[in-house]
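Read-outs: derived from the displayed coordinates by stated rules, not from any lab. What you are looking at is a predicted structure, and each value in this text was computed from that prediction instead of being measured. When we count neighbours, we look across all protein chains shown, and the Cβ atoms used for this are built from the backbone with ideal geometry, even at glycine.
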Amino acid sequence: MTASARSRSNYLNDTGYPHKSPPHSNPRTASSTSNSSDRSFNPSTTWITFLGRTGICQGENHVAYSIVATRPGGPEVLQKKETEVPQPGAGEALLRHTAIGVNFLDAYFRSGLYPWSVESDLVLGSEAAGVVEAVGSSVGNVSPGDRVVYTAPNGAYASHRVIDAKTLVKIPDGISDEIAAASFLKGLTAYYLLHGSFAVKEGDTVLFHAAAGGVGLIVGQWLAAKGVRAIGTAGGPEKCALALDHGYSDVIDYRKDDFVEKVKELAPDGVEAVYDAVGKTTWRGSLKCLKLHGTFVSFGQSSGAITDFNISELAAGSFHATRPTLFHFVGLPGWLDKASAALFDQIGSGSVRININQSFDLADAASAHTALEGRQTTGCTILTP
Ligand SMILES: NC(=O)c1ccc[n+]([C@@H]2O[C@H](COP(=O)([O-])OP(=O)(O)OC[C@H]3O[C@@H](n4cnc5c(N)ncnc54)[C@H](OP(=O)(O)O)[C@@H]3O)[C@@H](O)[C@H]2O)c1
């Protein structure tokens, strides 16, 4: 992306940086996968310390590769590029990725909707799990051999990466790498939506769009565990049935029915909050579903950006509106530890089941993007190196 293209950016996005116009592309059917895994480090490894770095020597030549977007565009801009295995510096860790989560965020970056920090060859991906292979000096929170997960903007579509060790969280026993990689960004998002953007309480009624999606299935179950009545929307009868099985009390097929009318039937006084990451096609209707003083949480735009919001629209019901971004929460002191513990607790207790309904080879990330943007996916999607 050129500097002039970046300067046309004019909306806030999920990274806290400005962005410009909407993404989009074509559909393709995805495959399914199981949740099993324990790809930890090779037991025949030997431990070495060299030049201030501690790591694992596996007696083999590591060939690293990344999936890069060569320029902003459709899934066809994604290419595999071989790289040297990077080495960690002070405060950093080298990871061998075992599973990588796919998020709509990746498509926003790939398309150029969100600004790039590099001119070309942007490594996408903001959520992954892996094994620590080496650490630089001054790293105290993780050690070689640890299974870890993280969320950070871009850089995850790679077999290996070096990352600031402070972003890493150890994966508890009993949670697989795949589950952790699939759910970390999405689950932390669910956490801040329900505890920060609009702190739900037992007895509330809320509306959540795209309820059968990656974030949607996690949120539905978490809301149910909190005693909140969750009304969902989803595209098509199969997605509606899936969402109903994941905590939602009612799910409206918003490709068939007028969701505003349906919500008025289900909650005549309106809902306390609407969580809307569909954006362009839903936001006006979302405001009409709120009760007086209700909260509009706009946290994404899978159908396209909201370009015509006027703050006076909130006067219709003295509404509150917020446009949050996960990484602004992750940066708060102590937040990552607290939120990840809460997420792992929900998963570990079985309150929140993580559905990995699509899995692709990392080298085939383009097919994952095509499926996600084509509304062909449900639940979580992962890539495996
Ligand atoms: N702000 C943040 O911090 C943050 C963090 C994480 C995620 N998000 C946002 O949360 C949303 C969900 O993320 P996700 O990764 O879990 O994705 P997802 O929900 O699995 O996929 C997006 C869904 O949006 C719906 N959709 C409606 N209109 C669409 C259109 N025109 N094109 C494509 N999809 C459309 C589709 O569901 P139906 O077929 O059921 O309509 C689709 O499955 C995204 O908007 C993402 O950007 C925001």
- [ ] Go through region 306-319 residue by residue and turn each phi into a ³J(HN,Hα) via Karplus (6.51, -1.76, 1.60, θ = phi - 60°); whole Hz please, and just put x for glycine and proline.
- [x] 7, 10, 10, 6, 10, 4, 5, 5, 6, 5, 4, x, 6, 6
Open item on the list: Amide H of Val278 versus every other amide H placed in the peptide plane: which residues, excluding those fewer than 5 positions away on the same chain, fall under 5 Å?
Closed with: Ser302
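Fewest to most neighbouring Cβ within 10 Å: what's the order for His369, His160?
Details: His369 29, His160 20.
Listed from fewest to most nearby Cβ atoms, that is His160, His369.
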- [ ] Along Cα→Cβ, 7 Å out, is where each label goes; now give me the distance between the ones at Asp257 and Ser351 in nm to one decimal.
- [x] 2.9 nm
TODO: Measure off 7 Å from each Cα along the Cα-to-Cβ vector at Thr322 and Asp308, then give the distance between these two points in nanometres to one decimal.
DONE: 2.8 nm
- [ ] Please work out the FRET efficiency for the pair Ala315 and Lys264, using the Cβ-Cβ distance as r and a Förster radius of 22 Å; give the result to the nearest 0.05.
- [x] 0.65
Task: Largest to smallest principal axis extent of the C-alpha atoms in region 95-160, angstrom - done: 37, 22, 17
- [ ] With a Förster radius of 41 Å, plug the Cβ-Cβ distance of Lys81 and Ala225 into 1/(1 + (r/R0)^6) and report the FRET value to the nearest 0.05.
- [x] 0.45
TODO: Report ³J(HN,Hα) in whole Hz for each residue of region 234-245, in order, from the Karplus equation J = 6.51 cos²θ - 1.76 cosθ + 1.60 where θ = phi - 60°; Gly and Pro get x.
DONE: 7, x, x, x, 5, 5, 4, 5, 5, 5, 4, 7
Open item on the list: Using amide H atoms built in the peptide plane, which far-off residues or other-chain residues are under 5 Å from Ala99 H to H?
Closed with: Ala129
Task: Asp361 long-range amide H proximity, modeled H, under 5 Å - done: Thr384
Open item on the list: Let me test this: with uniform point scatterers at the alpha carbons of region 205-334, what is the Debye-based log₁₀ I(q)/I(0) at q = 0.15 1/Å?
Closed with: -0.67
Task: Fewest-first ranking of Asp146, Asp308, Asp345, using other Cβ atoms within 10 Å as the exposure measure - done: Asp308, Asp345, Asp146
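Among Arg375, Arg96, Arg255, what is the fewest-to-most ranking by other Cβ atoms within 10 Å? Present the calculation step by step, with values, prior to reporting the outcome.
Working: Arg375 18, Arg96 21, Arg255 15.
Neighbour counts put them in this order, fewest first: Arg255, Arg375, Arg96.
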Task: Label-point separation, Lys291 to Asp337 (7 Å along Cα→Cβ), nm - done: 3.8 nm
Task: Whole-Hz couplings from phi, Karplus 6.51/-1.76/1.60, listed for region 143-148; x for Gly and Pro - done: 9, x, x, 5, 8, 9
TODO: Note the full-extension length gain between Arg284 and Ala199 as 0.36 nm times their separation in residues minus their Cα-Cα distance, in nm to one decimal.
DONE: 28.4 nm
